[in-house]
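Beneath this line is the structure, given in structure tokens, with notes to follow.
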Amino acid sequence: MAHVGGPFLFLLLLLLGSLSRVGGAPTREDRPPINRSSFPPGFLFGTASSSYQYEGAADEDGKGISIWDTYTRAHPDGRLSGGVNEEGIKYYNNLINELLSNGIRPFVTLFHWDFPQSLEDEYGGFLSSKVVADFQEYADICFREFGDRVKQWITLNEPWMYSVGGYARGTEAPGRCSYWEMGNCSVGNSGTEPYIVGHHQLLAHAATVRHYRDKYQESQKGIIGIVNMAHWCIPLSTSESDYNAAQRAMDFVVGWFMDPLTNGEYPPSMRSYVDNRLPKFTKEQSDMLRGSFDFIGLNYYTSRYTAYVPHSNATRVSYTSDSHVNLTVERNGIPIGTQAASPWLYVYPPGIRDMLVYVKKRYNKPIIYITENGIDELNNSSLSLEEALQDEARIDYYHHHLLFLQNAIRDGVDVRGFFAWSLLDNFEWAEGYTVRFGLIYVDYKDGLKRYPKQSALWFQQFLRGREGTENSISSE
């Protein structure tokens, strides 16, 4: 599937439809039973996708170019003066209508990293404050064209990843960093640009939320929020320095964006450690940021141990070292969890509960949706189709994360929904097609045919309230 409504949009599809039967649904006697009825009435379950990773057709129907070398379908030039692509509007209108006609509720994100290349060339994208007005103008098009049917809006997906991957490490588009950083970039500054880009993302978010609330929210009766990356950090030892390092690590990921959204300022640790390289908000900007969300989306995949790194006199400054924290996956030689296909993903289900309780306590109990959660396997071309559909590790991953999510709700966290990443195997950004995150297998060598993996069948039983009680399900 695609995501809804333009170059920046991100769709969360509610997994309410049926899946065809491909073998028996797996069961495991050692798993504590859990299913949809284990969660509060009205709790939403769904799956996640993004346009750049799903749609293809990169040069068709008037699409523009983005920094990820694909499109901007509804807003090709990045601003209204460049025109609105009516074919793009038509495409997303058809998609939204089809989803709604099948009982599927779209959650739509306006920016999932594929920034218009035209604006990147003109003024440097999110490095410039000019982006705030252009982003708000783009959002207005989406609210106007789709807001009569779309009732859940998300402004930005993982501003942390966009800032750090694109401007500190240089591993993601637009590939900027200091020349000596891991990305081996030819242009950029890892000590200043990530903070500037994060700053302008926050201001674009706040201006867009204010615009939506002033012009559209009362009549369209929708809600609007933002999605943040949210891993969990555990002190490597019982020392006070490692404990403080864990708090700083959370500040430099979650707090970087949640603190301004809650109280209008960056976390004290960031202001202290980054000092004058961290941009400052004016009073008007702080007021605009404070409370600029109806809900928060959190993407959780993994956790890390944290250890204090002493200060040094090194002249090379970077976001990656500013927090004086070493993130590690082992303690006393023992991994924090099983490693998945991607080298960064270690399975640690308790982290989702601990992270949620932390956000609840620190940020005044916001309404939360888990907007991404998932695990990958290698794209192994030597496997038969039958073997490729056996993803027991994914079932274990979701089962245990949902158990800890249930615990967080019992602990008073106001979680309203859970979305699995991802509905389909897809193009995983810098990792390309080397890994598969989908509940649905996509055969890249045979016309992109799609087959439910065992995890999809498990989810079907879970949603029917029968997880762990039947060995097979019939097609519908």
Practice task
Read through the list (1) more than 27 Å from Gly82 (Cα to Cα); (2) buried (at least 22 other Cβ atoms within 10 Å of the Cβ), then give the number of the only condition that Tyr162 fails.
Solution key: (1)
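Would you mind finding the one in Ser455, Ser422 that is over 17 Å from Leu385 (Cα atoms), of a type in the set (S, T, N, Q) and surrounded by 24 or more Cβ atoms within 10 Å (Cβ to Cβ)?
Numbers: Ser455 fails: over 17 Å from Leu385 (Cα atoms).
Only one candidate passes the filter, namely Ser422.
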Exercise for the section: Quick one: Asn276 ticks every box in (1) among the polar types (S, T, N, Q); (2) under 20 Å from Val197 (Cβ atoms); (3) in a loop (DSSP other than H, G, I, E, B) except a single one, so which number is it? Expected result: (3)
Exercise for the section: Could you tell me which residue of segment 217-269 is farthest from the chain's Cα centre (by Cα), considering only residues that are assigned to a strand (DSSP E or B) and within 17 Å of Arg304 (Cβ to Cβ)? Expected result: Pro235
Problem - Single residue of segment 254-283 satisfying the filter (polar (S, T, N, Q) and surrounded by fewer than 16 Cβ atoms within 10 Å (Cβ to Cβ)) that is nearest to Ser163 (Cα to Cα) - result: Asn276
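Are any residues in segment 429-452 of a type in the set (Phe, Trp, Tyr) and crowded, with 16+ Cβ neighbours inside 10 Å, and if so, which ones? Lay out the reasoning, then the answer.
From segment 429-452, those of a type in the set (Phe, Trp, Tyr) are 429, 433, 437, 441, 444, 451; that's our starting set.
Those that are of a type in the set (Phe, Trp, Tyr) and crowded, with 16+ Cβ neighbours inside 10 Å: Trp429, Phe437, Tyr441, Tyr451.
Listed here are the residues, each with its yes/no results for (1) touching a residue at least 12 places away in the same chain (Cβ under 8 Å); (2) surrounded by 21 or more Cβ atoms within 10 Å (Cβ to Cβ); (3) in contact with a Gly (Cβ under 7 Å, 6 or more places away or on another chain).
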site	(1), (2), (3)
Asp114	yes, yes, no
Ser129	yes, no, no
Ile154	yes, yes, yes
Gly170	yes, yes, yes
Pro174	yes, yes, yes
Cys177	yes, yes, yes
Glu193	yes, yes, no
Gly198	yes, yes, no
Thr208	yes, yes, no
Practice task
Could you check Ala314 against (1) crowded, with 18+ Cβ neighbours inside 10 Å; (2) over 23 Å from the mean Cα position of the chain (by Cα) and say which number it fails?
Solution key: (1)
Handout entry: Residues of segment 20-41 that turn out to be surrounded by 14 or more Cβ atoms within 10 Å (Cβ to Cβ), at pLDDT 65 or above and part of a loop (DSSP other than H, G, I, E, B), as a count
Key = 4
Practice task
Return a yes/no flag: does segment 284-301 have any residue that is over 30 Å from Asp396 (Cβ atoms), surrounded by fewer than 17 Cβ atoms within 10 Å (Cβ to Cβ) and either among the acidic types (Asp, Glu) or modelled with pLDDT under 95 (or both).
Solution key: yes
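The values are calculated or read from the model by the stated rules, or taken from the named source; none is laboratory data. All figures in this text were calculated on a predicted structure; none of them were measured in a lab. Heads up, the Cβs are rebuilt from the backbone with ideal geometry, glycines too, and the neighbour counts pull from every protein chain shown.
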